[in-house]
Structure formats: structure tokens, C-alpha cells
1. Over the alpha carbons of segment 298-358, what is the largest minus smallest coordinate on each principal axis, giving the biggest first in Å?
2. Over 24 Å between Cα atoms, which of LYS198/LYS330; LYS128/LYS330; LYS48/LYS338; LYS198/LYS237; LYS48/LYS237 qualify?
3. Starting from the Kirkwood Rh over alpha-carbon pairs, what translational D in µm² s⁻¹ does segment 113-236 have by Stokes-Einstein at 20 °C and 1.002 mPa s?
4. Need one number: nm distance between label points at MET357 and ASN232, each 7 Å from Cα along Cα→Cβ, rounded to one decimal.
5. If you wrap a convex hull around the C-alpha atoms of segment 55-198 and split its volume per residue, what is the figure in Å³?
6. Bin all alpha-carbon pair distances of segment 59-135 at 10 Å intervals from 0 and give each bin's fraction as a whole percent.
7. Measure off 7 Å from each Cα along the Cα-to-Cβ vector at MET163 and LYS136, then give the distance between these two points in nanometres to one decimal.
8. Starting from 0.36 nm per residue, how many nanometres of slack lie between GLU49 and SER325 once their C-alpha separation is accounted for?
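The values are calculated or read from the model by the stated rules, or taken from the named source; none is laboratory data. Since this is a predicted model, take the numbers as computed values, not measurements. Cβ: placed from backbone, ideal geometry, glycine included. Neighbour counts: every protein chain shown. To get the accessible areas, we keep the full protein, side chains included, count just its heavy atoms, and leave off ligands, DNA and RNA. Shrake-Rupley method; radii C 1.70, N 1.55, O 1.52, S 1.80 Å.
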Amino acid sequence: MSSLQRTMLKGKLPPTIPSGRIGRADSFKKSRIRDYKPGMWNEFFAEKEDVTVDEQRTFRVYRTKKPEKPGPVLLLLHGGGYSALTWAHFCSEVTSMIHCQCLCIDLRGHGDSKVDDEDDLSADTISKDIGDLILKLYPEEVPQLFLVGHSMGGAIAVHFASMSLVPNLIGITVIDVVEGTAMEALASMQSFLRSRPKYFQSIPNAIEWCIRSGQVRNVDSAKVSMPGQIINCTTNKLATNDLPLPDDVLEEAHHNSMFPNPFSISEDEEVSPPGDGEEGIAEGLAAGTDFKKPVTTKEATEAARNYTWRIDLSKSEKYWVGWFSGLSDKFLNLRLPKQLLLASIDGLDRTLTVGQMQGRFQMQVLARCGHAVHEDRPHEVAEVISGYLIRNRFAEAASEFRSHMPSC
């Protein structure tokens, strides 16, 4: 090939990769490395307050700032084991779309709320708590309230609305809870709870588990919500009281992953030492293998028990049936505008399928998300609820938000 031909061919070739090549493995590792630094509540809410209803009950509430124009109060009820902080990203999104204020509550036995009998998690008791709290917050006139509840919180929202404990309820949205599928899932709930780790070494480790286990798929949401679900084993206070974390604690947590291989995805992927016993471990460390000796000493075991779950959900089993039994009929019979958000179209039971075909409520299915729909996709959930409120003329759009018609 002549020099002229080589010159012409080079001119038609794509540009070469700049110096300092990035291998596929390096780029993969960089994409897999995540920051599990916990987020702060004040990045999403204007104020937090401990509201004392009576001598036996004090509830933690978080509120966004008041809207520039008149709008409803979104009363947000979290699911079992979660806390009010599960709504953090959703609140930021929805208040940017419509004129409204968000009111998030740590329910009985959850978060920073304190009651004499935390084990009483019956639907009637929790509903009464919410009603008394609302009347305490608004002693003169209750504003327009729009209920939004996720999982257990969705069931409580329906129960609360059916009891007519407070005036000015204008509508309800229930997120990913259906009587039929919920009752079927109860049989395996104890097994699921036993599969979770009982302790965490640090808050970032808990956030890491939350993401890797699939409980939440949005790491930014997990950074805010997970500290509201665990307590410090020493102080017995919610992990949010330990925030912000010092830099040395964050650095230590970064090097002490719950998973032996920081790029592992499942528990089946284990890194084995070159040999067996202490010699094999020494060889693995000398060779630079990413292997960690299992925690065996009493001191190391106790050191790892820094945080545990705020609530032992297994003890609430006697109330599970009461949360979900008759939920579908109760939901359909509410004399309020109703909306149901699901993570899967397969979640509908027979009663709700008939009700949806009769047009008795609006349904929206959000794909590519887990059970914590509002955490996995806060922007999309905010869009759906904002559009619903605008179409029903409960709220006005803020900025240039455009409402879209619902679809499955």
C-alpha cells in the first residue's frame, strides 16, 4: 500500500482514544463504587417538631414550608418499619410541582415518636393517634387534607378516612398495598424479617445493605430514609440523632463494607482464600486478595453491634390481618376521590379489578421500581399525585408543571 493510500485511509478513520486508556474493568469498578454518606432531614424539610398530644403520646412531625398560594396539606403516612423520612425526596419533588404543604408523621412505635405502649399497633389505635395529632396541630380549623399512605400506611390511611375522625378530607392516594396480595404475603413475612441482619456496624453499612438487598433501589432516598429506621444500641436513640457523622467514621465505614467483595451483588459470590486456615488467610492477605476474616472474637462481634432496628416488626404479627382485612371494600366505599399507585399490574385483587373497571378510582402502574415506589421513583410519583390534585382542582400548578393524563 502506497503512502498516499495510507494517508487517505487514516483520514476516514474515527479519532483514536486519548492517552491514558480506561479499561473496561476500571470503568465498571468506578460505576459500581457508591457513596453511602447519610443525608440530613433539613435538606428536604423546613421544620421538625415533637408534638405532645397527651402525657402518653408525643409524635415527631416533619413539615415543608408553606406554599406561596393556598393549597392542601398532604398528610403522608409511612409503611411498617419505615419513618417519616421515607417521604423526603417525594416532598421536594411534589412541592416544586404544585402549591401544597407536606406533613409527615413518625407513627406509633416508629422513628422519633414516643408513646407508652409502642406494641399496640392496631389500625384503630394508630388512626386515633393521627386524628388526635391533627386536631392538636390545627385546633381552630383543619385545612384541606389529602391522604397519602404507603404499604401499612396506605391501609391505615383507608381505615383513618373511613372513621371520619377529622373534617376536610378531600382525597386519598394508596401506594402499593392491596388486600388480596397483602394477605397472601403475610404467610412469608416472618421468614422475610428473619432474613434481615439484626445489627449494623455503622449507618453507612445500613444504607449499603438497604441498597444491595433491594429494599430501596434509589441510593439517594436510602441515604435519608435508612437512618430513620435504626437506633444506636448504646444510646437507644434514633440514628438520625448521630448525624452528621464525623469524617473518620465515614472513612472507616467506607473500608468496612458488610460485603466481603465491595463489587459483589449477591451473597452467592464469595471470595475464598488461597488456602485453608490461618496460613491460607495470611497468604491471601499477602497476595492482596480482597478477603476478610469472619468475625469470630467476642470483642469484634460486639463492635459490629452498633445499630439495630427501631422496631421489631415480628412482634406486630397479631395486628397484620387487622391492617389488611376488608381493605379493598373499605377503599371502594370511601366517599372521596381515590387513587391507587402500584409497582405491578399483577397486584390487583378481584374486588379492586371490578372497581377499577367500574371507574370507582384512578389507578396508575409505575414500572421499574420495588415496593418502596415513592423512594425508588419520587419524581414520577410526585408527577402522578400532582396531576391528580390539579385535575380535581385541589391544587394549583407551581412553575411550569404540566399535568399528564393517567395511563397504566
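1. 62, 25, 21
2. LYS198/LYS330; LYS48/LYS338
3. It diffuses with D of about 125 µm²/s by this estimate.
4. Going by the 7 Å Cα→Cβ label model, 5.7 nm.
5. Numbers: hull volume 18.2 nm³, N = 144.
Taking only Cα atoms, segment 55-198 has a hull volume of 127 Å³ per residue.
6. 19, 48, 26, 7, 0
7. Output for this residue pair reads 1.5 nm.
8. 96.0 nm
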